[in-house]
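Student: Sharing a structure with you now.
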Amino acid sequence: MTELEEIGYQGLTSAEAAERLAADGPNELPAAKKRSLLQQALDVMREPMLLLLLGAGTINFLLAEPLDGAMLMFFVIVVIGIEVYQEHKTENALAALRDLSSPRALVLRDGQRVRIPGREVVRGDYVLLAEGDRVPADGVLLQCMNFSADESALTGESVPVRKVQCGRDAAAKPMGRPGGDATPWVFSGTLVVKGQGIMLAKATGEQTELGRIGTALKTIEPERTRLQKEVDRLVRMVALLGVGAAVVVVVVYGLTRGEWLQGLLAGIGTAMAMLPEEFPVVLTVFLALGAWRLSQRHVLTRRTPVLETLGSATVICVDKTGTLTMNQMTVRELIVDGESFQIGESPLPERFHAIAEFATLASPVDPFDPMDTAFKVLGEKYLAETEHLHADWELVREYPLSEDLLALSHVWRSPEGDRYVIAAKGAPEAIADLCHFDSGQLAALTATVEAATANGQRVLGVARAYFSVDEGLPPIQHDFDFEFIGLAGLHDPVRPGVPEAVAECKRAGIRVVMITGDYPGTALAIAREIGLDGEAGCITGPELESMPDEELARRVRSVSVFARMVPEQKLQLIRALKANDEVVAMTGDGVNDAPALRAADIGIAMGARGTDVAREAAALVITDDDFTSIVGGVRQGRGIFENLRKAMSYIIAVHVPIAGMSLIPVFVKDWPLVLLPVQIAFLELIIDPACSVVFEAEPVDPGIMDRPPRPVDAPMFGRQVLSIAFLQGASVLLAVFVVYLWSILDGHDDGVVRSLTFATLVVGNLALILVNRSWHLSIARSFKERKNTTLYWILGVATVLLVLLLAVPGAREAFHFGPIDPAEVLIPLVAGFAGVAWFEVYKAVRGRQGGSKK
């Protein structure tokens, strides 16, 4: 395409764009109206825990105990506040992710190319469109080449329609309708499937065809994930047990004590103690904030289930160029007639001028691709002030790269020339095909290419041809009589940190598979540089194409380098890896990568250079295209799952002593009830933020990548996890019950019994938080090695509130507590931590035996 500045496209200024954005609003369809605080509060009040609190408060008023009723109503307000805060934080995180993952647009602003979020496109913007882009607004094509668009989202017709450019006078005409060939109109939400063009945006947001139709692109309901279904089953099971236990408590209390209203209150307390209402809240918070934390590490989450799969990845298939390497090409070597010249500071010999000249002519005037940029830099540096640069030549036609022929040609005409000059560059075998090499010439070329690629270079062939201007240009490149000029070797340096990231994957039990379109020599050289296992050799695209599925499945167990691959073959590779029960992560950036990204367990699109199609097909988007970010995403994904499992284990464990102490006193007539609804509500004020905030904020274990991947079908609540959680809860229950029984037998009144038992339960609760921070580090080492500010706040606030409840007479009365003798203050503290002491011993013994870390 002709250089943009030469045809007068400068674009809007930043000030003009800001004015139009303020006047027209963002370029997006109407979203669901954000709920008010009142609506959020009303939704929270429908939750079972809040309904139980309201019921208990009402019963207290009926029993002429207004203080207890008022306290419960106060706790209702506090719990609503906590729930609304958590929901607000979650919604903000999701909104930030939606903004980050929205389609982007390449526009002209202030005469410069700028990539902006699609929502910031305004009327009058010049938008540069290319294959794979999602059109961000309705507009008219002022210039295009081989342009086709998929308008099925608007017309229902799956066949792409061809587009043509129009003159500038058409910019003032009204937009046409979608559908129909040879029109200049393009529409928001449609997909560019072929070619490139410059569009003038004429309508945005609700004013587009898509907006008028009212297609709801953002109202897709999130699917229930495997983990969510597992949590749903557990919640249903425990809730049924809780309801059954509550009914038993009401009946037993009423029959043995004759106080049915008090029995109903005790039943509500039992239901509150056993109701696992934290599970769905914790899961929602972890998935939302986990996705937000990933976005801070250049990894955008487009599909929630991928957070559950990240920690199970066993193979990462990654493109070499731009992901393992910098995608910053420089021409390192030129080869003409068997003679090589290493590009450096010395002048370019005359015999190498032709290959530099025609490689430059075969590149765009205003290059975007790194290889094209490298050739332009080569020409400007070494051909300046020579007759080999042609700023006054006219580009007549482009023959683009195709799947069948990996070469392109540019047809040029000089102002006084009587013939066309054709420059071609591409894969050496494709250029050899254009030059009609015989078998001997092809064998010699192949040997030269293999020698050039052995040190990691990417090699392209360059050719030239001439054609009379009196004849019409042929439809295909093969009709030109090309002459082979030589080969150009380009170097693309490895990204910093990639060798270390590959080594980290090895430690984590993850195999890295490199995929490239380069020659095997180049691929194996890069593999050696980054520490990738290349001992099993390399499989090329043509070999893979002809290989039986069984043999391919066998070979991919050991081969980690795939060369001369085309995007369509990625799908075949994924199927072979999956046949070996691998959990596959696959990177991609082009339109043809979309099927493979969909088929992979974890599809990863490149954000900087990836097409919108690839981004939409993928589950993750890497915003900086860096392999280290992918590995960092796997590390963070493992950490999210580990912290979620700790939080869930804590919830199970902490409910055991609460439920136990709600049930046990009911069955002995003379024993006082310890946990009334007001005390349980207080405990919930500690449990809710602890499980949903403290554990979510827990740093990722530095050793988490020293463990093998988690089996993809491994349940969150495996036998070991459930057993340990239950034993933790049972041991705390035993410690609390011992204090409770001792205080009764020692002759304390009911208020003091409650005080000692409740204090032991709170201390045991805090101890459970501390021991579950790590399943292999002691409490002391966890404090030393892992900083968690939220934890300090929870511990401090819970301790201060407990002291106030037990020390201030008015607070003691409100909670039906009695004064504790100073000599007995240490009893709850010692008993609470004694209840979890066995787990500290278990961790120490397990660590010495080299047990797996949790």
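The values are calculated or read from the model by the stated rules, or taken from the named source; none is laboratory data. As the structure is a prediction and not an experimental result, all values here were calculated from the model. For the accessible areas, the whole protein counts, side chains as well, though only heavy atoms, and no ligand, DNA or RNA atoms are used. Shrake-Rupley method; radii C 1.70, N 1.55, O 1.52, S 1.80 Å.
Student: In whole percent, what relative contact order does region 388-437 give with Cα contacts below 8 Å and a gap of six or more residues?
Tutor: Numbers: 66 pairs, mean separation 14.5, N = 50.
Worked out over region 388-437, it gives 29 percent.
Student: Now, a different point. Expected output is a single nm value to one decimal: the length gained when fully extending between GLN441 and ALA536, i.e. 0.36 nm times separation in residues minus the C-alpha distance. What is it?
Tutor: On the way: separation 95, 0.36 × 95 = 34.20 nm, distance 3.01 nm.
Separation in residues times 0.36 nm, less the Cα-Cα distance, equals 31.2 nm.
Student: Output needed: percent of Cα pairs per 10 Å distance bin for region 784-831, bins running from 0 to the one holding the longest distance.
Tutor: Pair shares across the bins are 22, 41, 26, 10, 0.
Student: Still on this structure, I have one more. At q = 0.09, 0.12, 0.23 Å⁻¹, what is the log10 ratio I(q)/I(0) for region 537-656, with the Debye formula run over Cα points and no solvent?
Tutor: Debye curve over Cα of region 537-656, log10 I(q)/I(0) at q = 0.09, 0.12, 0.23 Å⁻¹: -0.33, -0.54, -1.27.
Student: Express the C-alpha Rg of region 741-854 as a ratio against the empirical globular expectation 2.2 N^0.38 Å, rounded to two decimals.
Tutor: Rg over 2.2 N^0.38 Å, computed on Cα atoms: 1.26.
Student: Please work out the C-alpha center-to-center distance from region 544-603 to region 631-664 and express it in whole Å.
Tutor: About 36 Å separates the Cα centre of region 544-603 from the one of region 631-664.
Student: Averaging over all projection directions, find the projected area of the Cα convex hull of region 699-753 and quote it in nm² with one decimal place.
Tutor: The number I arrive at for region 699-753 is 6.7 nm².
Student: Over region 291-429, calculate the relative contact order: mean separation of alpha carbon pairs under 8 Å at least 6 apart, over the residue count, as a percent.
Tutor: Once normalised by length, the contact order is 15 percent.
Student: Students often get this wrong, so check it: of LYS194/LYS320; LYS425/LYS506; LYS787/LYS843, which have C-alpha atoms separated by over 31 Å?
Tutor: Violating the 31 Å Cα-Cα cut-off are LYS425/LYS506.
Student: Here is a further query. Using the alpha carbon gyration tensor of region 410-499, what are the three equivalent-ellipsoid semi-axes (square root of 5 times each eigenvalue), largest first, in whole Å?
Tutor: 31, 17, 9
Student: Could I ask something else about it? Relative contact order for region 504-658: what is it in percent, counting Cα pairs under 8 Å that are at least 6 residues apart?
Tutor: Computed value for region 504-658: 15 percent relative contact order.
Student: Over region 477-552, give the accessible area per residue in Å² for a 1.4 Å probe, as an integer.
Tutor: Using a 1.4 Å probe on heavy atoms only, each residue of region 477-552 averages 40 Å².
Student: Could you tell me how far the Cα centroid of region 433-448 sits from the Cα centroid of region 756-785, in Å?
Tutor: What the calculation gives is 72 Å, centre to centre.
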